Amino acid sequence: MKEKHNRKVLIVDDCIELVELFSSVLKRQKYEVSAATRGEEAVDVAQKERPSLIILDVDLPDIDGRAVAARLAEDDDTSGIPIVFLTGLIRKSEESLSSARLKHTTLSKPITVDELLRVVDSYFI
């Protein structure tokens, strides 16, 4: 995890309404939020802004979230950024929740605001 004072979160999802909701919720909790709606854009933003955490939809219109994660993993400057994958392709029972020490978590959509905050906060404790 990055330094504790860096509370930057990058939200990547092609559903603009979801991005706006998550951004609003996280900003109220004093997180600095960036957003992207496409995979290529996500890579660019992550490389420029170096967020402490990325919330990344698996199913994006240009390149999928796993490919975004792979590209970020190849870059020394972004390889250590933990990722919370969001997907509608698994059931809630198949989610893989991790501790703050692990790099990736996978959550099933739909995700509630409470779930979002619980997971994001766990990376900044």
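Laboratory data are not the source of any read-out in this text; all were calculated from the coordinates shown. All values reported here derive from a predicted model rather than from experimental measurement. Using ideal geometry, Cβ is built from the backbone for each residue, glycine included, and neighbour counts are taken over all protein chains shown.
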Q | For peptides 77-85, 7-15, sequence by mean Cβ density within 10 Å, most packed first | A | 7-15, 77-85
Q) Size of the range 8-122 along its principal axes in angstrom, Cα-based, largest extent first? A) 31, 30, 29
